[in-house]
Structure formats: structure tokens, C-alpha cells
Amino acid sequence: MEIAIIIPLLAAAVQSGTPILYATLGEIFTEKSGVLNLGVEGAMIIGALAGFIVSRYTGSPALGFLMAGFAGALATSIHGVVCLWFRGNQVVSGLALTILGAGLANYLGTSYVGISAPGFKTMAVPLLSSIPVLGPIFFNQDILVYISYFIPPAMYIFFTSSRFGLGLRAAGEYPAAATAAGLNVAAYRWFGIMVGGFFMGLGGAYLSLAYTHLWTTNLTGGRGWIAVALVIFAFWRPGRAVLGAYLFGGIMALQLRLQALGTQLPSSILLMLPYALTVFVLVISSWRKKTSEEPAALGVNLEPVD
Amino acid sequence: MENQLPLIRLENISKSFGRVQANKDVTLEIMKGEILALLGENGAGKSTLMSILAGQLVPDTGTIYLGNKPVQLTTTDKAIAAGIGMVYQHFKLVNAMTVAENVFLGQKGGFWLNKQKMCRTVEQLAGQYGMTVDPRARIHDLSMGERQQVEILKLLHRKSTVLIFDEPTAVLTPSEADNLFDTMKIMVAKGKGIVFISHKLEEVMAAADNIAILRRGEIVDRVAAADVSSTAELAERMVGREVLLQVDKRVVEPHQSVLKVEELSGQQMKEINLEVRQGEILALVGVAGNGQKPLVEAICGLSKPLPGTVTLLGMEWRKFFKKGGWKNTLSYIPEDRQGLATCQGLDLLDNFLLTTRGGFSRGPWLKREEAREKANLLLEEFDIRPPDLTAFAWQLSGGNLQKMVLAREFYRKPRLIVAEQPTQGLDIAATEDVWNLLLQARNRAGILLVTGDLNEAFALSDRIGVMYNGRIVDTFRTDNKEKVEQIPQMMAGLAIS
């Protein structure tokens, strides 16, 4: 293939990887605090709808994007109530959140199907975008993509070098130790759930405000699940999440292009590619000992206090 | 010293859990520069008392004084702020993090962490107290002794003035324990107060300045370590009666053979031959890891005895385990009473039914009412506390759980008993109970006792076999004084002339 085909493909990979990246980072943040949230898909789609509606009525996609984050956090707060207040099963609660989110967004969004809202446009970064190869791939995107470049390093520094990040990781590794050290583990977990939900909402909004400027039913199309799988692929490291997200973005972009080119392959096989890759990636990641990387208390509820 | 104000004073502390009174009217003072040992049997209320001090439990009545002002230690935070720190028996350390990160976890300060400075601080602090742990190491790479040092460093860094150690030597090697006592002495020399919970008499005598003895939730005695003449005296004070670690052993005439092992090899075992008859106890002694484990597993049906033959109650191995049967057969009392012998998350009734269900079934159904009645009688007979069948196995102390296992197994009226370290980790009173139970069972059964404790072997056995490097080096009668004296050499694999 020629470079003229590859570069747009890679640029598209970054673009379609970005919503997955936001969601994956959100799930990493939540899981670091020890809470397994399988409701990523639900939080994403609620964020997508909230962002779309706010943008449509205020005319400000930026405000829509921000509100999508809060909507995502609001959605995952249900998970917090179930798991932290009532110590319910985290898996079940997450699944319920996915179903609830999808149902709610599709119901509330019925009247918006096919309608467009103001969204983000491609904005080349001066100077950087003229770098050969890298420029068109990374710096000829919309502003949400640029924002997403800053989050993984920020998250990494937060986890490793901040007092708060240390407490958050302790809450996910060994809550009893954190409690004995005088930390309020439940508060850290609430923080993990809410911030995580905020990023999931942002990921959803990317789909409705930048990737498309339209609302359709089932807009997220399983990207939330891919994010859950990518957390394992990334070994809970924000940096590796970037790699995984762009890999999936690439497959999605490739699949679209192949369909457009009119290959002989049935489209259902092409559509299946990202999900088949998810299974493949999980198998590969489990191969390596992932146990040492996984937060030790992931999915384990806090003991009730007497 | 007499007029000095204590660091902490507990006054008339009482605490109950339901009907069980864990602490009753306890008054205790912790002085600056003193190592106070809190001695008591399992379930005497030591841990409850210290959990109250560490802010994990709130007492029903009573007051805690910090210096001379009363304080409410309702959370661990408040206890830490009051300068009280606890080194738990199960370390509260985050394995995936470094030593320095663990020490600084939960400490107030700016938003950012300065890793270099953290490591330097930890290193200096460790040096001051004679500890050597590397602040950059991750916890999961450290030995138990080093992990404990991290726990101590956490408290020292928080400027704790009173440090509580909950059975600190349980997980340590002897040399690590010595290091710990050295560190404790430096700490009290620097003006800290230490409370140290234990039921190991020798180390209490060696390390403590003063000893407070807790029995059934009450402080029954308080002595200076210097005034105690022997561990026997201390033991007597602890259980409140003369402890006769000599149990009454009458000779029972051995009858037919219940276990015969011939030429058993493989899995670290080399040509093992042994025989146990009804009415006798054969003790297998030796340092752990010399083939006892595979031998027990082969006898109890956990692994195939190949090559070699094992005959149980006159039946060949395969036939015996195929036939099964819950009564009048084999009872296995494993060393791992919390894993192999019981299910931690099941209540006592279900645990009772684990091996006795054969006696309480009608077709596919269990006769639970009948089982409940029987099990309740057993709880009473064996004095298992709490005497409550709905309690979960994990809620029982080690001694009570072991008695529960014995009660269950003896209910099956076994003709062959394999008991593995049956009194490990038990206090004196519980040990004595278990020994008596085993001796009673001997009338009906043959017992293979695998133990690392020579006293236990001498007290119970009729014959002793010594294991070394997969072989039974020698088997002899326990009253054969000449051979008995050679046991240490045999255990060490030294040639006997």
C-alpha cells in the first residue's frame, strides 16, 4: 500500500480510537480504586446523548462535552450507590448499568434520531501538523483528540507521584491496609467511580460531537465493552491504554475502508473484526501473568463497619 | 517510676459480643519505657482489648485516658492521632507498593510525593531502630520479618508513642524474632511504650518487663518478668490451675492391625514400612518436610501409594477407599484445620455434616434436625466456644476449631486415626484437652500421630518412629530410654553407632 493510503488510515485510527481511549482511561481509574464497573457502555451512551442534547440546545459543543462528563459520572454514581452503600454485587450492578444506560438513551433520544447538532471540527495544529507522517496522523485532528493526549501522562503521574493517587491505589490493592493507615476507603472508591464515569461520558460524547455530529440509536456500538477488555490488555497502565485504543481504532477504520472499497469479504465478517480482536487480545494478555498487575482487591466489596 | 503518669490508662473496660463477654472490667496501664506483655489463652480477650485500644472496637463501658485526659477512640484515625499504633498479626501492607509508599500511605502533606525524600526518611528511621529494610523494595519481595519491620516503620513514622504487637513472632524465624526484640528494646529506650500479645511463655519471659495475664476477659494477674521464676509458673498463672502436661496414660493392650504400610516409595518416600494396631499410638517425629506429608496423603487416600502397598483395616488401599463408609473407618485430622478440615464460610452444623453426613441421610435428603441435636450435644461435650451451630468456622479461634474437628471425627467412631500436628498453635489448656481426647480414642482405634513436637510424642505415644529424608530411620517403644535419647541425632540424620 502506498503512503497516501496509510496515513489517512492511521489518522482515522487515532480518531476512532479516541472514544475508546477516554472510556478505557475512565475504567482504569475506577478499577485502580478497586471497583469493577462493567457499566462503561451505559455511562458512555448516556454521556453521548447528554452531550448531544446540550450542544444542540446551547449551540456550544464544548459545554456539551463537559456536561457529557457529568452525565457519565451521574450514571456511574448508581453503581456507587449499589456497590458502596449497599455492598451489592459489582458485576451485576455494572451489567444493569449497561442495560439501563442503553435503554434510557435510546428512549430519550428517539426524537433526535437523524438530527444533527453542532460538533467539533478538525483543527490542524500550526507547525506540528506539518511534520511529515506524524503531523497528518496526530496533529490534524479535532481538539478532543488533542485533549486526550494529555490525559494518560497526567493519570500516570497522578497514580505514581501524588498522595491522592497513592491512597486510591491502596484502596484498590488492600482496603484494610488503607483503613489501618487512616484513609477513608469508601471516599476513595467514590472518587474512582465518579472520575471514571466522567471520562466514560467524555468518550461517549466524542462519538456524538466529533466522530459523527448525529444522534443514532445504539451509537456506542459495544465500544464500552472493548474498553473493559482493553483495561486488561493495558495491564491497568494509562500508557498502554493508548496503544490498545489506537489498535482497535485502526481495526475499526480499516473495516470501514474495506467495506467502502467493496471487497469480496462479507460485511458481517468485517464488522466482527474488532470484537474478534477483543477476544484475541484478552487471550494474549492473560497469557502473561496479569495477576501481579491487577489491583488485588478489584471487585471485592468493603467489609461492613461494625 | 511509681509516680510517673502512664502513657495510656485503660479503666474498667468492658466489651461484649452478644452473650459473650470478651472483656470485663479491665484496667491496664502502659508506661513509658516499658514492654508490657499481655499473656492469655486463645479467646481470653487479648485481641479484643487491643482492638479497643487501636480504635477498631468501641468498648461498652469504661474510659481510656491518654496521659490524664479521657479520650474517645472511635476510629483507627483517632487512635493513630492519639499516638497508638498496632502491628497486626496479618500485616496491613499493600503488596504491590514499595516500602516507602507503604510507610507514607495515609500521611498528611502536600499533593505531590517526593520519592527520594520518602526513601531517605524511611532509611534513616530504620537505621535509628536497628532495622535494615530497603525502602525501594516492593512488599511482595520481602520476607515476613522485613514486612513486619515495615509495619513498625509505619508506626514510628507516625510518631506513635504506644506500639501494640499482636503475636509478633508467630510468623518469624527465631533469628528474626531476636532482631524484633532488639528493635523493641531500642524503642522503649527511646521512650516508647510497648504492649506485646503472646501465648509463648519463653519469649514473654525473655522480652517483657511486666506481664499482665488475661483470663476469660479479665486481668487476673500482673507480675514483673523479673519475679517469675519459670515458664511453668507463668503457665500456671495463665490457665489458673496446675498445668499437668503429663497426661494420664494407661497401657491398652494392642489388638489387631488397623494400618499396614509396606515398602512404600516415591514422592520423597523411601521404602517405608510401618504398622499401627488398635489400642496404640504410633508417633512419627521428625523435622517437617522429611516425607511425612506424602506418607499421610497416601494413607488417607489423597494420593496413590505407588510403588508399595497400604492396607487399612485389613483391606487393600483401593478397595478400602472404594468402599468408603462414614463410620468405624478412617478419620483424618489434617494439619491445615482451616483449609482441609473445615470450610471457613460454612457454619458449624454444615462443617459437622461434611464427614458425618452419611449418618444423617435418608435417600438424597439430609436429616438436619437430627444432626443439629447431635451436634449441639457435641459442642457441649467438647466445650466448644461459642456453643452455637450457626457460627461460621472462621469465627472460631484455632483451639475451638480444632476441638470441633476432633468432635466431628470422633463422632464417627473411627478405628484408625491419622492426626497431623493436632496441637500446633493451640494454647496449653486446649492442647491438654486434645491430648486427652486422643488418648480416649485409643481404646477403640489405632492412631498414627505425626508431630514435630517431641513432648507431644512422649506424652501420647506407645511407640515412636523417627523420619529422616523419606525413611523411617527407626521405630521403638517410647519407654526405651536408650533409643529415646538418640532421637535428636536420628532426626538430624546422624549415623547411630
**Request:** Give, rounded to the nearest 20 debye, the magnitude of the charge dipole that region B:8-239 has about its Cα centre when Lys and Arg contribute +1 at Cβ and Asp and Glu contribute -1 at Cβ.
**Result:** 1040
**Prompt:** Does anyone have the angle between helix A:163-173 and the longest principal axis of chain A? Alpha-carbon axes, 0 to 90°, nearest 10?
**Reply:** 80
**Prompt:** Say R0 is 45 Å: what FRET efficiency, to the nearest 0.05, do B:D134 and A:L100 get from their beta-carbon distance?
**Reply:** 0.35
**Prompt:** Summing Lys, Arg as +1 and Asp, Glu as -1, what charge do residues with Cβ under 15 Å from the Cβ of B:K115 carry, B:K115 excluded?
**Reply:** +3
**Prompt:** Rounded to whole Å and sorted largest first, what semi-axes of the equivalent ellipsoid does the C-alpha gyration tensor of chain B yield via the square root of 5 times each eigenvalue?
**Reply:** 45, 27, 23
**Message:** Could you tell me the center-to-center distance, by alpha carbons, between region A:76-93 and region A:253-280 in angstrom?
**Reply:** 36
**Request:** Quick one: of B:K92/B:K403; B:K260/B:K481; B:K260/B:K323; B:K32/B:K115; B:K46/B:K108, which pairs are farther than 22 Å apart, Cα to Cα?
**Result:** B:K92/B:K403; B:K260/B:K481; B:K32/B:K115; B:K46/B:K108
**Asked** Taking the DSSP beta bridges in the protein assembly as shown as the whole, what percent of them are antiparallel, to the nearest 5?
**Response** 55
**Request:** Evaluate the Debye formula for the protein assembly as shown with equal point scatterers sitting on the alpha carbons, no solvent, and hand back log10 of I(q)/I(0) at q = 0.08 Å⁻¹, in q order, two decimals.
**Result:** -0.88
**Request:** Could you order peptides A:34-46, B:203-215, B:312-324, B:412-424 by the average number of other Cβ atoms within 10 Å of their residues, highest first?
**Result:** A:34-46, B:412-424, B:203-215, B:312-324
**Message:** Would you work out the Kirkwood radius for region A:216-306? I mean one over the mean of 1/r across all pairs of different Cα atoms, in Å.
**Reply:** 15.2
**Request:** At q = 0.08, 0.13 Å⁻¹, what is the base-10 log of I(q)/I(0) for region B:257-491 according to the Debye formula with one equal point scatterer per Cα and no solvent? Please give it to two decimals.
**Result:** -0.29, -0.77
**Prompt:** Fewest to most neighbouring Cβ within 10 Å: what's the order for B:T121, A:T160?
**Reply:** A:T160, B:T121
**Fill in**
Averaging 1/r across every pair of distinct alpha carbons in region A:3-287 and inverting yields a Kirkwood hydrodynamic radius, in angstrom, of 19.1
**Asked** What FRET efficiency do you get for A:A296 and B:L354 if R0 is 35 Å and r is their Cβ-Cβ distance, rounded to the nearest 0.05?
**Response** 0.70
**Request:** May I ask for the net charge around B:V418, where only other residues with Cβ less than 11 Å from the Cβ of B:V418 are counted and Lys, Arg are +1 while Asp, Glu are -1?
**Result:** -4
**Asked** Based on the Cβ-Cβ distance of B:E202 and B:D25, what FRET efficiency does E = 1/(1 + (r/R0)^6) give at R0 = 25 Å, to the nearest 0.05?
**Response** 0.25
**Message:** If you average the C-alpha positions of region A:137-186 and of region B:300-378 separately, how far apart do those two centres end up, in angstrom?
**Reply:** 51
**Asked** Under unit Cβ charges (Lys, Arg +1; Asp, Glu -1), what dipole magnitude, rounded to 20 debye, does region A:3-287 have relative to its Cα centre?
**Response** 200
**Request:** Mind checking which of B:P305, B:L274, B:P387 is farthest towards the positive end of region B:257-491's charge dipole, using Cβ charges of +1 (Lys, Arg) and -1 (Asp, Glu) about the Cα centre?
**Result:** B:P305
**Complete:** Of the DSSP H helices in chain B, the ones reaching 24 Å or more along their long axis in Cα terms and averaging at least -0.5 in Kyte-Doolittle hydropathy are none
**Asked** If you place +1 on the Cβ of every Lys and Arg and -1 on the Cβ of every Asp and Glu, how big does the dipole about the Cα centre of chain B come out, in debye to the nearest 20?
**Response** 1540
**Message:** Please give the Cα centre distance for region B:139-214 versus region A:191-210, rounded to the nearest Å.
**Reply:** 49
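Throughout, read-outs are computed from the coordinates displayed, never taken from laboratory work. Source: prediction; values computed, not measured. Every residue, glycine as well, gets a Cβ built from its backbone with ideal geometry; the counts of neighbours run over all protein chains shown.
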